[in-house]
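The values are calculated or read from the model by the stated rules, or taken from the named source; none is laboratory data. Please read these numbers as outputs of a predicted model, since none were measured by experiment. Positions of Cβ are generated from backbone atoms using ideal geometry, with glycine treated the same way; all protein chains shown enter the neighbour counts. Accessible surface is based on the protein model in full, side chains and every heavy atom, while ligands, DNA and RNA are left aside. Shrake-Rupley method; radii C 1.70, N 1.55, O 1.52, S 1.80 Å.
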Amino acid sequence: MASLDEKWEAVDNFKSIVVDRERDVVRVTKELYDLHSNREQLRGVTSSCNYRLTIPFAPHLFGSGKTTFARTYLELVQRFGETFLSKFASDPSRRAFLENLKKASLLYVDLKELEPTVPIEFFRNLKWAVYYLLYRSACNQMGLPFMKPDEAYRHIPPYPSFLIAELRKTLGIPSDQYLLLAIDEVGVFDTKATFFELEKNDKGVVRPYNDFFGIISQLCKEPDLFFIVVGKSKGLSINNDVAFGLSRVILHFISLSPLDASSIVEFLQKSLLETPTQVPVCNVLCSSSFSVNELADSLLECTGGVPGLLTRLVNMLLNYVVMRNKPFISKEECLTCMNDYDFRRICAEPFVERILNLDEDRRSVFDLLLMMALYRIPSKVDDRLTSESFLYDAVTEMGLYRYPIDENTFQVLIPKVFVVIFKNDPSISSLEKILLGSLDVEPVDCFFYSKCRVFEGIVALRLVLMLSSKNRNELRDLLCQLSPIWKQMKLPISTISPIHYIKSVVSSRETRSESNKSRRTFANTEWNKIIRETLYLETIYIPLDATSHSPDIIFQLQSPVEPKVLTVGVACKGRWKSEGIGWSDIIDEAKKFLDPVYDQVLSSAMDYHHCMLIIVSTKLSLNVSNELGNQSRCYSSGMFIGNDSFKVPDNCELVILCERDVQMLIDDEILNGLERAFHVSHNPTFWDFGLDLLDRIRNSFLSWQ
C-alpha cells in the first residue's frame, strides 16, 4: 500500500499554460511604451521633465505567478497582439512599438546569485556586482563561457553603454532590437544588503532598494532597453516616495490576480500531460460524469485561484488518479480527496512557512487579516496599520494573497487549503480558530454586501465567543434570567465552533445568480431537512441571503447535563429603519422561524427539543419600547404578542432584547461606523470600511477570548 507521501506526491506531471493575464500584459505594455516615448527626458536631451520613470514590478506573493509572468511576458505579447493589445496599438507610434516588442529578446536574471566580487576596490560595490551578474546571466542563457570578474572589469567598464553593448554582443542581437531584462528575486536585499557599501540618508538609514533602483534608472536611459522586476518579500513600502526618496522612480505594481473559474477551465483544457500523447489535464482527471466546470469550481474553492497553488494541487490530483488508474467520477469524490487532512497539509506546506515563522509583532495582525478575508472587506494600498507599517506590506510579508479590485483597492485572500495548517498551529488564538473555521466551511463570496450583513456577522462572532467563554458575562446571565429553558442549557458550550454560512431558504426552487455564481436555494418544505441535517451541534450558521424563510443567525445548543436541545434563531434588525422596528416586524420574524420549526420539527420531536427566537434590534419603535418598559422580555409557549396576533408555539420562546442590552453584542460606535462605511457608495465592492473600525470590532472580539 502506498505511503501518504507517495499517495499525495506533488511531482510535475504536466506542462501548464499561462492564462488570465490579459489585463497585466496590457498595463505592463503601456508602462514600457511610456518609457520608450519619454526616454529622451530621462537622458536630459529635451527641456521637458514631466515624465517619471515607471518600472513594472510584482511584489513577492509565493505562487502568484510572478516569475512565470516575467519569463513569458514576451510570449504573451505575441499571443495577445491582435486581440487584447489591439486597442493599445490603435495609433501608428504604438503599433510600431508593439511590432518591435514582439521581436524583442528576453534576458532573465536571478538576483539570488548576486554577490560581492573582485576587483578588490569594487568588492562591496553594488553597481559592479549587478553589472557582472547581468553579464554572467547573458552568458549562461546562451550557453557561453564567461570571464572572471577581474577580467570582465577590464573589458566592461562600469558604465551603462559598455554593459548594454556587451549584453547585446553576448545575446547575439543588434543594437536596435528591443531587449527586456526580467530581474527576479529582488527581495535578496533583505539579507544581502550588508554585503555591500550602500548610501545612507540624512538619518543614517540604509535603504538598499534605493541603491538598486537607482542603478536600474540609469540603465533605463539606454535606448531600446526595458525592465520588469519581481519578487520582493518585505521592507519595501507600498508608498513609493517613502520607499525610495527618488522622485524619478515609480513602481507600477503588477496585480497578478488569482484565476477565476472560467480561467481555471481554460488552464485545465490547455495544459497538457507530459507524456508522448500530451493529453489535456482535464481529460485525465474527469470522467464522463464529472465535468471540467465542476472540477474548476472545486479547485477554485480550495486554492482561491492562486496559480502556483493551483498547479501544485493539480499535480497531486494527477499523481493520485494515475496511481489508481481511474479518473474522478463526481465533484463529491474530488472534494473528498482535496479535503483530506494529509492532502491539504502536503499541498500547503511550501506556501505557509512564512506566516508560521513570523515575529510576534507582525503575527499580531493575523486575526485582522482573517476578518478582512472572511468579511470581504476591501482595503486601499496606502492603508496603514501604524505610522511605519502598511497593511499591503503585512499581507505580502505573511505570504498571503491579494485580490485586486482596481489599481488602488484590494481584498485579502486566504486559500482554504491553508486553513488546516494554520488551525494546528499552537499559537492560534480562539478568535483565529473561529475565523479560520468559518473560512473553511463554504464559499462566502457575495456574503457581506451590506451593513446589515456585517452587523449579523459581528453579532454571530460575539455570540460564539460569549457562549463559549468560561467566564460569566452579562448576556448569558440575562438570558438565564429571562428564559428557564436557556438556564437549563448549562452553558458554556464545550467547543469553539466556526460560523457557518448555510444556503438561502426561500419559497421557490429557482436559482439565483450573484457575481456569476449560481446558488441552490431551498423550498419551505425542506426546512425540516435544514434543521435536522444542517444545524449540527454547537455550530453557528448565518444564512447566505436574507429571505422570508430564515432568521439571520441560527445555532443549536445541547446541555451537557440535561436532556435539552435548543435551536436558536437570531433576527438582527438594524437601526437604519428610522422609525425603529414595530410589532409587525417582530411578528413577521417569529412566523417565518418559530411556526415552520414547530410544524415540521418540534411537533413530532421529543419534549426535550426546544426553539428560541431572539430579536436583536438597535432601534425599537415607540410602541414596542413602551410595552416592554424599556426592558428585555421573554415570551414563552402559549403567550400572545402584538394585540394577540401571534401565539408562541409549544416548546418555543421569543426573546426581545431592548436597545440597552443589544450593546452587549454590538456597540454604538461600531454601528455608526457601519453606517458611514456603507453610506459612501451604492457599489458594495468599494465601501469604505477603514482599519480603525475593523480594529475596534476586533478588540470587541478579543475582550471575550
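Of all residues in region 351-373 being in contact (Cβ under 8 Å) with a residue 60 or more places away in the chain and open to solvent by 40 Å² or more (accessible area, probe 1.4 Å), which is farthest from ILE434 (Cα to Cα)?
Filtering region 351-373 for residues that are in contact (Cβ under 8 Å) with a residue 60 or more places away in the chain and open to solvent by 40 Å² or more (accessible area, probe 1.4 Å), the one farthest from ILE434 (Cα to Cα) comes out as ARG354.
Looking only at region 299-322, how many residues end up being of a type in the set (Ser, Thr, Tyr) and open to solvent by 10 Å² or more (accessible area, probe 1.4 Å)?
Residues flagged as of a type in the set (Ser, Thr, Tyr) and open to solvent by 10 Å² or more (accessible area, probe 1.4 Å) within region 299-322 amount to 2.
Could you tell me which numbered condition PRO327 fails, if it satisfies all but one of (1) open to solvent by 50 Å² or more (accessible area, probe 1.4 Å); (2) over 24 Å from LEU413 (Cβ atoms)?
Tallying (1) open to solvent by 50 Å² or more (accessible area, probe 1.4 Å); (2) over 24 Å from LEU413 (Cβ atoms), PRO327 fails exactly one: (1).
If you go through region 223-253 one residue at a time, how many are within 21 Å of the chain's Cα centre (by Cα), closer than 18 Å to ARG52 by Cβ and either at pLDDT 85 or above or among the hydroxyl-bearing types (Ser, Thr, Tyr) (or both)?
Here the count works out to 1.
Filtering region 632-659 down to residues that are touching a strand residue (DSSP E or B) at 6+ places or on another chain (Cβ under 9 Å) and acidic (Asp, Glu), which residue is nearest to LYS573 (Cα to Cα)?
Among them, the one singled out is GLU659.
Quick one: which of SER625, SER645, SER632, SER636 is of a type in the set (Gly, Ala, Ser) and open to solvent by 50 Å² or more (accessible area, probe 1.4 Å)?
SER645
Tell me whether region 326-347 contains one or more residues that are under 23 Å from VAL19 (Cβ atoms), among the β-branched types (Val, Ile, Thr) and without any contact (Cβ under 8 Å) to a residue 60 or more places away in the chain.
For region 326-347, residues under 23 Å from VAL19 (Cβ atoms), among the β-branched types (Val, Ile, Thr) and without any contact (Cβ under 8 Å) to a residue 60 or more places away in the chain: absent.
Could you check region 479-493 and list, in sequence order, the residues that are touching a helix residue (DSSP H, G or I) at 6+ places or on another chain (Cβ under 6 Å), touching a residue at least 12 places away in the same chain (Cβ under 8 Å) and either closer than 27 Å to GLY673 by Cβ or not in a loop (DSSP other than H, G, I, E, B) (or both)?
LEU479, TRP486
Could you tell me whether any residue of region 172-189 is open to solvent by 20 Å² or more (accessible area, probe 1.4 Å) and either part of a helix (DSSP H, G or I) or farther than 27 Å from LEU101 by Cα (or both)?
no
Quick check on region 341-364: of everything there that is part of a helix (DSSP H, G or I) and aliphatic (A, V, I, L, M), which residue is farthest from the chain's Cα centre (by Cα)?
ILE346
Scan region 262-293 for residues that are open to solvent by less than 30 Å² (accessible area, probe 1.4 Å) and more than 18 Å from ARG324 (Cα to Cα) and report the count.
Result for region 262-293: 7.
If you scan region 124-171, which residues turn out to be part of a loop (DSSP other than H, G, I, E, B) and either closer than 20 Å to PRO223 by Cβ or without any contact (Cβ under 8 Å) to a residue 40 or more places away in the chain (or both)?
Those that are part of a loop (DSSP other than H, G, I, E, B) and either closer than 20 Å to PRO223 by Cβ or without any contact (Cβ under 8 Å) to a residue 40 or more places away in the chain (or both): GLY143, LEU144, PRO145, PHE146, MET147, LYS148, ILE156, PRO157, PRO158, TYR159.
Filter region 374-390 down to the residues that are hydrophobic (A, V, I, L, M, F, W, C), within 16 Å of the chain's Cα centre (by Cα) and within 20 Å of GLU432 (Cβ to Cβ) and list them by number.
Selection gives LEU374, ILE377.
In this structure, does LEU335 turn out to be open to solvent by 10 Å² or more (accessible area, probe 1.4 Å), outside any helix (DSSP H, G or I) and of a type in the set (A, V, I, L, M, F, W, C)?
The answer is no for LEU335.
Give the residues of region 18-60 that are more than 32 Å from the chain's Cα centre (by Cα), among the hydrophobic types (A, V, I, L, M, F, W, C) and modelled with pLDDT under 90, sorted by residue number.
Residues satisfying the conditions are LEU42, VAL45, CYS49.
Per-residue answers, yes or no, for (1) part of a loop (DSSP other than H, G, I, E, B); (2) of a type in the set (Val, Ile, Thr); (3) out of contact with any Asp or Glu (no Cβ under 9 Å at 6 or more places or on another chain):
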position	(1), (2), (3)
PRO276	yes, no, yes
CYS282	no, no, yes
SER289	yes, no, yes
GLU294	no, no, yes
ASP297	no, no, yes
GLU301	no, no, no
GLY305	yes, no, no
GLY308	no, no, yes
ARG312	no, no, yes
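I'd like to verify a number: residues in region 584-600 that are in contact with a helix residue (DSSP H, G or I) (Cβ under 6 Å, 6 or more places away or on another chain) and modelled with pLDDT of 85 or more, how many?
So the answer is 0.
Within region 52-61, can one find any residue that is surrounded by 13 or more Cβ atoms within 10 Å (Cβ to Cβ) and out of contact with any strand residue (DSSP E or B) (no Cβ under 7 Å at 6 or more places or on another chain)?
No, that holds for no residue.
Which one is most open to solvent (accessible area, probe 1.4 Å) among residues in region 401-439 that are of a type in the set (Val, Ile, Thr), outside any helix (DSSP H, G or I) and touching a residue at least 40 places away in the same chain (Cβ under 8 Å)?
ILE405
If you check ALA296, ALA348, which single one turns out to be under 15 Å from PHE418 (Cα atoms) and open to solvent by less than 20 Å² (accessible area, probe 1.4 Å)?
On inspection, the qualifying residue turns out to be ALA348.
Scan GLU166, GLU75, GLU99, GLU115 and give me the residue that is surrounded by fewer than 16 Cβ atoms within 10 Å (Cβ to Cβ) and over 30 Å from SER257 (Cβ atoms).
GLU115
How about region 474-488: which of its residues are open to solvent by less than 10 Å² (accessible area, probe 1.4 Å) and either under 38 Å from the mean Cα position of the chain (by Cα) or not assigned by the TED database to the domain that holds CYS658 (or both)?
LEU475, LEU479
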